[in-house]
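Below is one structure, written out as structure tokens, with a few remarks after it.
Coordinate-derived values only; no laboratory data. No experiment lies behind these values; they were computed from the predicted model shown. Methodologically, a virtual Cβ is constructed for each residue, glycine included, from the backbone with ideal geometry; neighbour enumeration extends over all protein chains shown.
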There are 4 protein chains.
Amino acid sequence: MLTKQEQRSEETKRSILLAAGRLFAGRGYDVVTMREIAKEAGCSHTTIYIYFKDKEALLQHLSLPPLQTLASRMDALLGSSGVPEEKLKNVSLAFIEFCLANRNMYGLFFNVKSVRVDEQAPELEINKVRNRLFGKLTEALQTCLRLEREDERLLMCSRIYFFTLHGIVSTYTFSEESVDQLMGRLTPTFLAAFEVQLDGLKAMISSNKNGVERG
Amino acid sequence: MLTKQEQRSEETKRSILLAAGRLFAGRGYDVVTMREIAKEAGCSHTTIYIYFKDKEALLQHLSLPPLQTLASRMDALLGSSGVPEEKLKNVSLAFIEFCLANRNMYGLFFNVKSVRVDEQAPELEINKVRNRLFGKLTEALQTCLRLEREDERLLMCSRIYFFTLHGIVSTYTFSEESVDQLMGRLTPTFLAAFEVQLDGLKAMISSNKNGVERG
Amino acid sequence: MLTKQEQRSEETKRSILLAAGRLFAGRGYDVVTMREIAKEAGCSHTTIYIYFKDKEALLQHLSLPPLQTLASRMDALLGSSGVPEEKLKNVSLAFIEFCLANRNMYGLFFNVKSVRVDEQAPELEINKVRNRLFGKLTEALQTCLRLEREDERLLMCSRIYFFTLHGIVSTYTFSEESVDQLMGRLTPTFLAAFEVQLDGLKAMISSNKNGVERG
Amino acid sequence: MLTKQEQRSEETKRSILLAAGRLFAGRGYDVVTMREIAKEAGCSHTTIYIYFKDKEALLQHLSLPPLQTLASRMDALLGSSGVPEEKLKNVSLAFIEFCLANRNMYGLFFNVKSVRVDEQAPELEINKVRNRLFGKLTEALQTCLRLEREDERLLMCSRIYFFTLHGIVSTYTFSEESVDQLMGRLTPTFLAAFEVQLDGLKAMISSNKNGVERG
DNA sequence: GATGAATGAGCCTTCATTCAT
DNA sequence: AATGAATGAAGGCTCATTCAT
């Protein structure tokens, strides 16, 4: 059990993370100042340094946990019963919803640049989770397309599929609407996009040309 | 005719724009300093202020022309002879290449937030060009899908198509590779993506369900 | 008799003073932080403020006792049996050793500037001890030179003698070596310096010219 | 010839160096802030960065030239005609006067710590000049004492002599009096001190014991 | 008595921008 | 037209100090 003081402390830390997350993504890591974060979090800028070594540490702490949550959720969806196409849709939707929910954080997760490459340990951790995420989606896609795991065409297919996912997220990253509003309004569009995508990929697979280098 | 002085003046201004363009695109607007631009342009940093009100004015002046160039190029591609599918591919590729070439600037063009909304006039101009751009792409798509301009399904199709374009650009926005490297390496993938997209959309159209809400 | 609580309290206070003394002397007053002192003392940094008004108060409390210890030691040395020359040497050596041991603190004791002049009481106290110290040395010197206490030549002699003492201390104030290392290595040099000094002063006294202005 | 602007610039630079010199020494390098220096110099703190890369560069620029000036002056005195004793006195007096004139800077010249050891080039330069200085004094002393350059006793003698010089300077470093006041008032004392010193050293040399380890 | 939480003041430094020439 | 000089605002960060428990 936590004392009242520890509770407040935890709350402060959370509000800092929340504020930093919002701001970093909304306006970019470099551009956001510690003082801005503090103001948004409702504390002094020095307080941030009690909880985080420096600005970069804030970024690090911000990056990992949400991704892990998403990974779990995707695991659950993939483990459920249902036809592969349904699973792919659900997983894709979950991914989109997550990214929109964490909105501008999105850049933080997938833009390698924003995390310094010096210290490998944490960096590796993020990359690991990220790769696991992409792996899951690729796996779902593979099942739908009925390709072997080693089929060279799978890489291109997943790349193309990711373009669309990434594009959806990017398109609405800076929207003023809430995630709920967006999902409510656009879920049909997203589902259609997934379907278009899958149909198109299936067509490509079934045709002779695979787009890589075979004649 | 320009006097010698006016020529030199014009030259200075051009070299400043050139330098700023190079640097903004190469390292990002926020990160580049006025002194850097001046050094690259071969003049004093104070000279920049003779030609441009401030750093942001530099950005404004820089934003429009490339977009217009792109618009012209897309016009040319669309006006050329050839099957619609080929045209769509070429126009899409041109769009992608442009966005990757202007990389960090990309956000500036399409992310409404990053351009101050205070002064509407230039903002409007950019928006106009931007909309013209999207219009061209939609038009190409419409021809391929053989839809009427007013067909309600066109909106969804173009949305989905844009998701992919946007996604491609976003994916490589922060890559360290040059445009040429990226295009050299990934053009086949991009073309495949366009094709997949188009095939999928065609399939959707030809099926009864249009993904919106009709029964 | 002290209650257990009072004992603990006293202990904490002592450990703070000990830690502060070590750190101030070792790395300099300005550079040492309250948190460092607290860590070294094994308590929270806020605890320090229970016992001492502020960082400077810590310094004040720290300054006096060692000086008094030195004064006592010099008294003991002067009171012992032995030829005056031997006593002067011993007292001088004790003085040097003390100053080097308290190294960075040295400035604090003798450089009037570094102690705030606002609150006179403690300042005065330090000055009193300091003057007593110099008095003892002068006295030892006087005995060696066989001068009357009022002899005007004594002032110049003691001044000159102090130059050397002060010079020795200054020379090694910023050395990285420990007191023990320094004393071990340089004691013969110091003793030689004292002797040279005394011989030179004796020569001056015995000559007609006293260096001031008498003919 | 300098333009008016260049003159002002030079003046600003000088006033910054002057202010920094005064403050660094008066209150210590670490403790003095750039804003203090700026205020004392009568300019904005950012102006300092126009002339000096950073705080440490200021220190570097401050250290070398005066020392070189002193070195030249000592050379001149040593090269002049006169008995060795007279030369030693003059050189010693010049040294003292210089140190008092540059007052608190003194610490900067001789306290190795204050100059970062990272970059060796400038550091070396200072050390070279400093060593040359001490070399000159030692040389003058050697002539007076009629010792061979290699005589092991010379080292100790020069050390002892330096103690006094260093002590004189240290004693008056924080005095409020001007160098002229001090020299006017105390020159006789200083001369007496040199003489006492020399007499004492001569006595030591002429006796059997040299203070090191011989019996 | 003791402590973790929190903060304001302040430090060095950089940058866009203006002023005087 | 062009420039060197100069500056205010701001940024990341640290530290002595206070407050509430």
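Worth pointing out:
- Radius ratio Rg over Rh of region B:1-74, counting only Cα atoms, Kirkwood formula for Rh: 1.01
- Counting, for every residue in A:182-194, the Cβ atoms of other protein chains within 10 Å of its Cβ and taking the mean gives 3.
- Residue by residue along C:153-164, Cβ atoms of other protein chains within 10 Å of the local Cβ number 5 on average.
- Other copies of A:Arg35: label-to-label distances in nm, shortest first, labels 7 Å along the beta-carbon direction: 1.2, 2.1, 2.1
- Shielding score for B:199-207, defined as the mean number of other chain Cβ atoms within 10 Å: 5
- Scanning chain D for the beta carbon that comes closest to the axis linking it by rotation to A yields D:Arg35, 10, distance in whole angstrom.
- Look at where the Cα atoms of region B:1-74 and of region A:1-44 average out, and the two centres are 38 Å apart.
- Take D:Ser81, move 7 Å from Cα toward the beta carbon, and the resulting point lies 6.1, 10.9, 12.1 nm from the same point in each other copy, nearest first.
- Distances from A:Glu6 to itself in the other copies, using label points 7 Å out along the Cα-Cβ axis, amount to 3.6, 7.0, 7.8 nm in increasing order.
- Above-threshold pairs, the threshold being 29 Å between Cα atoms, out of A:Lys4/A:Lys128; A:Lys13/C:Lys39; A:Lys55/C:Lys39: A:Lys4/A:Lys128
- In terms of other Cβ atoms within 10 Å, A:Met156, D:Met74, D:Met34 run from fewest to most in the order D:Met34, A:Met156, D:Met74.
- Evaluated with a Cβ-only charge set (Lys, Arg +1; Asp, Glu -1), region C:1-53 carries a dipole of roughly 40 debye about its Cα centre, given to the nearest 20.
- Working ranking of peptides B:3-10, B:182-189 by packing, defined as the average number of other Cβ atoms within 10 Å per residue, highest first, is B:182-189, B:3-10.
- Sequence ranges B:90-97, B:46-53, B:60-67, ranked by mean other-Cβ count within 10 angstrom, highest first: B:90-97, B:60-67, B:46-53
- Taking the fewest neighbouring Cβ atoms within 10 Å as the starting point, the ordered list for A:Glu139, D:Glu148 is D:Glu148, A:Glu139.
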